[in-house]
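Data first, discussion second: the structure below is written as structure tokens.
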Amino acid sequence: MHQDDHTHLMKATEIGLFDNYIERPSLLGDRFREFSNAAPMVSFFKLFLDPILVVACLYALSVPFQIATDGHELLLAAFAFLLTALLLDGVFLFVPGYSRPLLGVGRFSLEWLAVVVSLTLLGRLSGFDDYFYPPFILTWFVVAPVSLLVTHAMFRWLVLRPDGDKRADAKKVIIIGANQPGLVLAKNMQEHPFLKMDFVGFFDDRTEDRLPNVQKGKLLGGLKEVNSYVKAHNIQQIYISLPMTAQPRVVDLLEQLQDSTVSIYFVPDLFVFDLINARFDNVAGVPVVAICESPFLGMNGVVKRITDIILSLFILSLIWPILLAVAIAVKITSKGPVFFKQRRYGEDGQSVLVYKFRSMKVMEDGDKVTQATRNDSRLTPIGGFIRKTSLDELPQFINVLEGKMSIVGPRPHANAHNEQYRQLIRGYMIRHKVRPGITGWAQVNGYRGETDTLEKMQRRVEYDLDYLRNWSVWLDVKIIWQTATMMFRDRNAF
């Protein structure tokens, strides 16, 4: 297989995996699917090029401002590199296929503002900003994002642009099988010219009246006509999108095509699975396809953990007076311990001890746990208030530092509830592939508090799984912000 053929295959297959939800739209919307199509390039910019450019601007500006390149500047550069990698999700306005540049500029501006605010807060809290000349820092805050925008624009113009309307170097492609995977693959080939794949049409033994989703004129014939068409029209790539039950027909087709130089790929029908972090990998040299896996593997896991530690330390440094005040209020208004500790499922279903300020007169942690209800008689005098304002959850930032929880993730349920719902809701336990969170995607979308019906819990799980499919640092920041803004107006909290 030629190297460029292999590259096209990987790109096309990645797109097919990401677009698995074309018939069951992502709860996050089309924007995240559009970004995911350029995931490899975005990862390159996010993890390497963008942070390096930001640091390079810092050192370049130190020359005209006559700033000494000492340990202080090195430490600032390290912070800048880390925060850029964490908070700047690539400059999406310049990714191929992205058609909303103004939205991209707005998003990029907010991300860079987050970097600036984080550096400023770190400098103020540590006194580190006293070592730098303010005009030097302000100039860097302006020059660095401009440099990023220019670099991404040049990269798109020089590397990713399609070569004219005729696409002379695009490879002619046909797809065998006009089923769901084949339709999605064809759609992405047509919408993303940077792949340099000229989709010609489908071959399928079914007639046009049985294929309502196929574009008019794109059904070229049946499987018996493939070989002659390939030779007559110089087709260079074939993607076989037939179900596994069609193996005899596939073998027959491959035998016919042995007398040609066409590149042949098989598109696995993964649409029958509920994909979580689907990707290709290999184990001891054997290629495998991940169907259900945690999104926090490798660098993503490092980014997630570092973000949790930094934000937890920062938040605890701000809220410790609130923690002290709530602890005293709990102690003097009711008998019992300040903290309520309960066993819940953590990452990979392992049991962890979760901390909360005690808001009830009971300490249930057994085989049967009754959920809190509105005007619950078990609440302490201040229990309703601290639950409604989420103040009872604040000790869980200590759980985050311990590595038992994350700031954002699926909310942990009592073990008794897990055992109940895992039997009733398909895919319920998949939410435990990651650390549970203090807040989550389901909570900011109205599924916080009592789940008095199975349907409510089902919807909560759907949002949790959608979070796993579409995780990014930017999504975590969005959830944290929405949680903060709804603390005092959430009608589902009691």
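The values are calculated or read from the model by the stated rules, or taken from the named source; none is laboratory data. Here the structure is a predicted model, which means the values were calculated and not measured. All Cβ positions, glycine included, derive from the backbone under ideal geometry; neighbour counts span all protein chains shown. Quick note on the areas: whole protein, heavy atoms, side chains included, nothing else; ligands and nucleic acids left out. Shrake-Rupley method; radii C 1.70, N 1.55, O 1.52, S 1.80 Å.
Cross-linked pairs 187/231; 356/478; 196/216; 187/224; 356/456; 304/456: no Cα-Cα separation exceeds 32 Å. Applying the criteria of a DSSP loop state and at most 13 other Cβ atoms within 10 Å to the trypsin sites (Lys or Arg not before Pro) of the stretch 277-352 yields 335.
Using every pair of distinct Cα positions in the stretch 231-344, the Kirkwood expression returns a hydrodynamic radius of 20.8 angstrom.
Accessible surface of the stretch 181-268, 1.4 Å probe: 51 percent of it comes from carbon and sulfur atoms.
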